[in-house]
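The values are calculated or read from the model by the stated rules, or taken from the named source; none is laboratory data. Bear in mind the structure is a predicted one, so any value in this text is a computation, not a measurement. Here the Cβ is made from the backbone with ideal geometry for all residues, glycine too, and neighbour counts use every protein chain on show.
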Amino acid sequence: MIEEQIEKKIEDAYKEKFPVSKERHEQLINYIPGGATRSLSYFKPYPIHIDYGQGAYVYTHEGHKLLDVTNAYGAIVHGHGDPDVVRAVRDGIAKGSQYSTPTDGQYKLAKLLCERVPGFDKVRFLNSGTEATLFVMRTARAYTGKDKILKMIGGFHGTHDSVAASTKKNVITAGIPEGMTEDMLEVPFNDFDAFENAVKENADQLAAVIMEPFLGAGGVVLPKPGYLEHVRKVTSDNNVLLIFDEIFSYRVNTGGCQKLFGVIPDLTTVGKVVGGGLPIGVFGGKEEIMNIFCHENTEKPLYHSGTFNGYETVMQAGYAALSKYDEAAVAYVNKLGDQFKNGLLESFKANRLNIQANQIGSLLNIHFVNEPITNADQVLKSEEQLHRLMHLSLLNKGIFTIPRGLFILSTAITEEEIDFLVNKIDETLKELLPLIEEKYNHLLF
C-alpha cells in the first residue's frame, strides 16, 4: 500500500510538471520507435524533453530550470554553451568543417593528448567510443596475430557486437550471432586469481585484455588496492597487450586513470570530454604498435578510414575544451565530487540508510545495496524500484539526473549548487523512507 501511494504521488507530480514532454513524446513515437533514438534516454512514464542548456542547467519546454548532473553521460565537462568551446566551433565552422585531409586541428588535439596521457605515443581519431573500442581491439589482434580478447564482467565498451552481448542485465542481445563473441573471455572485476588464471590459460591465443580502470557505466566500481598493478604485471609476463578503455574515466585526471594510478597500458581509448561535447572517439598507444597504420613504416598498413574521422569542427571543440581542462580545473571539479560524497554520507547517516555512494573525482553512483561494492554482481543487486522513484522525484525537485543513480559533475557547477543537490537528494530519501522501512528494511541501520 505504501509503495503504491508513494509511486502514485511521485508519478502524478512528474506528469503535472512535464506535460509538454508527454505531448512531444507522443508526437515523436510516430517517427522514432520508442520515442528516443538512444535507449538510455527512455524511462517510464515518458522521457523528459529538453529545450536547451546553459552553464550548469538545462531548461525544459515547460520552462523549468533543472540542475544538470548528467552532462551528456560524461561528454560535457564545462557545462552547456561554454563560451570558449562555442567560439572555437563558431569561428572554425565559418571556414569550413571537413576537408578529408590532415588538418591543423588534428595536429593540435593529437599533440595535446600525447603530451597528457602517459600511454599515448600516437593516436587516431574516430567518431564515437564504440568505434574506438572496436578499432583498438582490431589493432591488438592485428599486431599480435592472436584473436581472443578478455574483458571484465560489467565493463562497458560500447555497442559493437563483440562487447555488447555481455555488458549488464536487461541488455537485449538479439541479432548478435554467437560467433561474434566466441573469441571474447570474461572474468569478474577485482578478482586477482580469476584474472591471472584466465590470462595464463589462454596466453597463446590472447591478443589483449580490455578493461576500464574502474567500472564506469557498471556503477563506478573502483579497483582494489594493487589490482591494476597486478593486471599490468600478469599481462606483461604473458606477452598479452593491456588496453585501458578510458572513454568514461579520462576526466578524473589530466592524464586519465593511468596517470592517477601510475599504471600504463599498451593501448588506450578516450572520448566523451575530449570532444568538447561533440562526437569523438580516440585510440592510441605505443609507437611500435600504432605504426602498423603508418605508410612510412609498413608496406601494407592496417586500414582505418571514415568520412568524419578527424572532423575539423570536432577537433576545434575538443582542443578548446581540453586546453582549459587543466590541473586546476580537474582539481576543482574533483573537489566538488568529494564535497558531494561527504554530503551524501551525512544524509545517509541521518536517515539511517546503509546504502552506498561510489565516487571518484567528478563521478558518483548511488547504490541501494547494504555492503561496499567491489564487483558487478553486487551492482546488479541494487533495488531498481528505488532508483526509478528517486530519479523521477529528483526531476520533480529540479535535478536532471540519470535513472541508474549516476551523477556526473561539470566545472560550471558551484559549491552552493552541490549543497542544493545534496539537499534535494536528502528530501527524496526522506520521501522514500516509509517505503524502504516497509519493503527494503535491509537497507536500514
**Hits in the stretch 20-53 (condition: surrounded by 13 or more Cβ atoms within 10 Å (Cβ to Cβ), closer than 20 Å to A72 by Cβ and of a type in the set (V, I, T))** = I48, I50
**Fill in**
Given the conditions (1) at pLDDT 95 or above; (2) over 19 Å from R141 (Cα atoms), every one holds for T307 apart from (1)
**Message:** Which numbered condition in (1) basic (K, R); (2) assigned to a loop (DSSP other than H, G, I, E, B); (3) within 22 Å of the chain's Cα centre (by Cα) is the only one that K259 fails?
**Reply:** (2)
**Prompt:** If we scan the stretch 95-110, do we find a residue that is surrounded by fewer than 19 Cβ atoms within 10 Å (Cβ to Cβ) and in contact with a strand residue (DSSP E or B) (Cβ under 9 Å, 6 or more places away or on another chain)?
**Reply:** no
**Message:** Tell me whether the stretch 230-243 contains one or more residues that are among the charged types (D, E, K, R), in contact with a strand residue (DSSP E or B) (Cβ under 9 Å, 6 or more places away or on another chain) and buried (at least 17 other Cβ atoms within 10 Å of the Cβ).
**Reply:** yes
**Prompt:** Hey, among the residues in the stretch 114-143 that are in a helix (DSSP H, G or I) and among the small types (G, A, S), which one's farthest from G285 (Cα to Cα)?
**Reply:** G129
**Asked** Which pairs have Cβ atoms under 6 Å, sit 6 or more apart or on different chains, and link a residue in the stretch 215-226 that is under 18 Å from E371 (Cβ atoms) to one that is assigned to a loop (DSSP other than H, G, I, E, B) and among the β-branched types (V, I, T)?
**Response** V221/I373
**Asked** Is at least one residue of the stretch 144-154 in a strand (DSSP E or B), under 21 Å from the mean Cα position of the chain (by Cα) and more than 19 Å from D266 (Cβ to Cβ)?
**Response** yes
**Item:** Subset tally (residues that are in contact with a helix residue (DSSP H, G or I) (Cβ under 7 Å, 6 or more places away or on another chain) and either without any contact (Cβ under 8 Å) to a residue 12 or more places away in the chain or in a strand (DSSP E or B) (or both)) for the stretch 269-286
**Value:** 7
**Matching residues, the stretch 134-162, being among the polar types (S, T, N, Q), surrounded by 20 or more Cβ atoms within 10 Å (Cβ to Cβ) and under 19 Å from P177 (Cα atoms)** = S162
**Asked** Here are some residues: A56, A88, A13. Which one is under 30 Å from G306 (Cα atoms) and of a type in the set (A, V, I, L, M, F, W, C)?
**Response** A88
**Request:** Could you tell me whether any residue of the stretch 181-188 is among the β-branched types (V, I, T), in the same structural domain as V163 (by TED's automatic domain parsing), modelled with pLDDT under 95 and assigned to a loop (DSSP other than H, G, I, E, B)?
**Result:** yes
**Message:** Can you find, within the stretch 310-327, the residue that is modelled with the highest pLDDT among those that are buried (at least 16 other Cβ atoms within 10 Å of the Cβ) and part of a loop (DSSP other than H, G, I, E, B)?
**Reply:** Y325
**Prompt:** Which number in (1) on the phi > 0 side of the Ramachandran plot; (2) in the same structural domain as L395 (by TED's automatic domain parsing); (3) at pLDDT below 95 marks the one condition that P33 misses?
**Reply:** (1)
**Asked** Out of all the residues in the stretch 371-404, which are closer than 21 Å to L435 by Cα and of a type in the set (G, A, S)?
**Response** S382, S393
**Request:** Please specify each residue of the stretch 203-222 satisfying the condition of being out of contact with any Lys or Arg (no Cβ under 6 Å at 6 or more places or on another chain) and more than 23 Å from G119 (Cα to Cα).
**Result:** D204, G218, G219
**Criterion (touching a Pro at 6+ places or on another chain (Cβ under 6 Å), aliphatic (A, V, I, L, M) and either in a loop (DSSP other than H, G, I, E, B) or surrounded by 24 or more Cβ atoms within 10 Å (Cβ to Cβ) (or both)) met by exactly one of I210, I264** = I264
**Request:** Say whether the condition of being part of a helix (DSSP H, G or I) and either assigned by TED's automatic domain parsing to the domain that holds K95 or out of contact with any His (no Cβ under 9 Å at 6 or more places or on another chain) (or both) is met by at least one residue in the stretch 292-309.
**Result:** yes
**Complete:** How many residues of the stretch 68-113 are in a strand (DSSP E or B) and touching a Lys or Arg at 6+ places or on another chain (Cβ under 8 Å)? The answer is 0
**Message:** Six or more apart or on different chains, Cβ atoms under 9 Å: show the pairs whose first residue is in the stretch 409-437 and in the same structural domain as H391 (by TED's automatic domain parsing) and whose second is basic (K, R) and part of a helix (DSSP H, G or I).
**Reply:** T411/K324; E415/K335; E431/K9
